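Notes to accompany the following structure.
Each value in this text was obtained by applying a stated rule to the coordinates, not by laboratory testing. In this text the structure is predicted, and so the values were computed from the model without any measurement. Don't worry about glycine lacking a Cβ; one is built from the backbone with ideal geometry, like all the others, and counts go over all protein chains shown.
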Amino acid sequence: MTQLLKPARVLIADDDVISLLFLVETLQQAGFETVSVTDGAAALEAALTQEFDVALLDVDMPQMDGYALCRALRATDALQHLPVVMITGHDDPDSIARAYGVGATDFISKPVNCTLLPHRLRYILRNAAADRQIRHLAYHDSLTGLPNAQALTRLVTAAIEHCTAQPGLERVAVIHVDVQGCARIRSIFGPDEGDEALRSFAHRLSQIVVAADERGDRASVARIDGDRFAVCLRSTAALERGMSLANQIIASLDEPLASGSHLFLWPLAVGIASSPEHAADATTLITQAAAAKHHALLTGVTGPILYSHEMSDRARERMSLETALREAVRSEQLTLYFQPKVSVADGSLVGVEALIRWYDPDLGQVSPDKFVPLAEESGLILDIGRWVTAAACRQIMNWRDEGFETKIAINLSARQFVHDDPAAMIRAAAASCGIDPKSIVVEITESALIRDFASVQAGLLAVRELGCRIAIDDFGTGYSSLAYLKALPVDDLKIDKSFIRNLVADPVDAAICKAVLSLAHEVELNVIAEGVESEAQLDWLRRHACNEVQGFLVAHPMSGREVVDRYSVREPSRASVPAAS
């Protein structure tokens, strides 16, 4: 059975009763549904309380003429795009220009041609439908159907303007929500599964917001891009309501969300900003909420973070630092220093760890603790990893030319294994310097293994095939999963310095170190203790058969020249590490 289309509803406003009846009869015979009024005020009331597809407005009406009525319709958000046709006996250029100037869609002169009128309205309605589709595509996200970033700015602007018109009554809050884990879902299950999972999340988020919006017109959800969403909230207590809603969102997503045949957890980073406290315009308010969310990401806070002006200062500082770091990578302001690793048994040099240093002409010496996390976040760590690999290979080549040989350990980020090809990178750098890749030791932190284990595992296997040794750095600070040791081609375990620091005095740290050493010896792994600074620590490690140590007791990080000067002698220096008696 064919479904009948709903007839178009036409609002007709004309104070001439005869003309009004003529228009009503003409359009009803043509299949339109009509509502007729005889003055502008009644027409505005009807337009505000009912839904219409098009409006026919006479110019000359009592109380409110057609021009004023059209202007009032266009000033109402819901009626901005309602097709409006002005009908008048004035067809002079000034009257026509005035009609279009107040926002009329079309202009019809009296007397109205009853044969052409229905066709003209259908043409207008077809164009209006096409315009609605274009606007929908322009202001809605194609994946989730939610308003997009452009629409969010309009929604927040409208909310702020509404509150400004009624000062003191309502305020506006924006909640910025960053979804974690979507990239992993896409990489493991494919883009289609990732899209479906994101749609499920968007649906859950919308349900939470709709349920919290008591009146149904004060909260809106938008997808900004990728895995970022936002909620615009208008309330007399917007900040309190926003914090409450943000906590509801986080709590609701503590439970796994079903998508297809899988269940996914959605860790969130959430930031909130409100107007007028934090910003007076939509763009700034959205930016401030994003800054608060960014702070939540950086600090690992699981609850909602309220914006403070210090966050913008920090964000600007980080942006300036990132710009300077990009220039440092491009113009080779980076330098490698080397921390020696020596044998516990006899104090001989067994290798060095490459440590990156950055001296900026304006900022001075910038701590790695400051710029390495920024490089990870910005993606610059990929360029830095490539630079470190090439610089380490050049140093090995230079040392070889001087008759000095040792291994260099380089630290690679998990990002390098997910977005790059470390084996190919090492192979190319080694080949360009004419050195054996076996001179390179690749270190990766234990915590990095959990980010994308499959990619890291494949990458490490390829690196191991080159002959490079593999070391797990900071062992004991992450998940310490024994499965990693079984599944990965590991040669060395490095006990984190946090366990070495109080090794002699703290029985817990001593027990942890004993356990690591025992485990490593059982599976025939080499153990390196980091951060060794005292003879007492060294004695303890020697008694428990630790293989190698590094730290200030051995040597501070030094230049490539200093490494040669200190370790090129044939006999190991007892000033480095006292050998066993």
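Shown is the FRET efficiency for Thr164 and Phe22, computed with R0 = 51 Å from the Cβ-Cβ distance and rounded to the nearest 0.05: 0.70.
Length gained on full extension, Ser534 to Leu519, computed as 0.36 nm times the residue gap minus the Cα-Cα distance: 2.9 nm. Counting 0.36 nm for each residue step from Ala505 to Thr49 and taking away their Cα separation leaves a gain of 156.3 nm.
Counting every other Cβ atom within 10 Å of each residue's Cβ, Phe22, Phe229, Phe499 order from fewest to most as Phe22, Phe499, Phe229. Here the range 49-91 and the range 192-245 have alpha carbon centers that stand 34 Å from each other. In this label model, Arg314 and Gln248 are separated by 2.9 nm, measuring between points 7 Å along each Cα→Cβ vector. For the pair Glu277 and Glu240, label points projected 7 Å from Cα toward Cβ lie 1.1 nm apart. For the range 149-307, the square roots a ≥ b ≥ c of the C-alpha gyration tensor eigenvalues yield an a/c of 1.5 or more together with a/b exceeding b/c, which makes the shape prolate. With a threshold of 19 Å on the Cα-Cα distance, the over-threshold entries among Lys407/Lys514; Lys341/Lys370; Lys341/Lys494 are Lys407/Lys514; Lys341/Lys370. Counting beta carbons within 10 Å around each of Ile18, Ile426 and listing the fewest first gives the order Ile18, Ile426. Checking every one of the GluC sites (Glu not before Pro) in the range 17-96 against DSSP loop status and a limit of 10 other Cβ atoms within 10 Å picks out Glu51.
For the pair Ala149 and His81, label points projected 7 Å from Cα toward Cβ lie 2.1 nm apart.
To the nearest 0.05, what FRET efficiency results for Ser378 and Glu33 with a Förster distance of 51 Å applied to their C-beta separation? All intermediate terms of the calculation are to be shown ahead of the outcome.
Numbers: r = 58 Å, r/R0 = 1.14.
That pair, Ser378 with Glu33, gives E of 0.30.
For the chain, the mean residue ellipticity at 222 nm estimated from helices alone is -15000 deg cm²/dmol, where every DSSP H run of n ≥ 4 contributes -39500 (n - 2.57) and the total is divided by all residues, rounded to the nearest 500. Shown here are the Rg and Dmax of the Cα trace of the range 319-413, at 14.9, 48 Å.
Each of Glu161, Glu353 was scored by other Cβ atoms within 10 Å of its Cβ. Arranged with the fewest first, they read Glu161, Glu353.
Taking the longest Cα principal axis of the chain as reference, the axis of helix 191-212 is set at about 60 degrees.
Below 8 Å between Cα atoms, with a sequence gap of 6+, how large is the relative contact order for the chain in percent?
It rounds to 8 percent for the chain.
By the Cβ distance rule (another cysteine Cβ under 4.7 Å), the unpaired cysteines of the chain are Cys70, Cys114, Cys163, Cys182, Cys232, Cys468, Cys513, Cys546.
Of the options (1) 118, 55, 48; (2) 77, 66, 53; (3) 85, 59, 43, only one is Cα extents along the principal axes in Å as computed from these coordinates, and that is (1). The residue among Leu56, Leu298, Ser432 whose Cα reaches farthest toward the positive pole of the charge dipole of the chain, with charges on the beta-carbon of Lys, Arg, Asp and Glu, is Ser432.
Shape class for the range 79-196: oblate, because the ratio a/c of the largest to smallest gyration tensor axis (alpha-carbon atoms, square roots of eigenvalues) is 1.5 or more and b/c is at least a/b.
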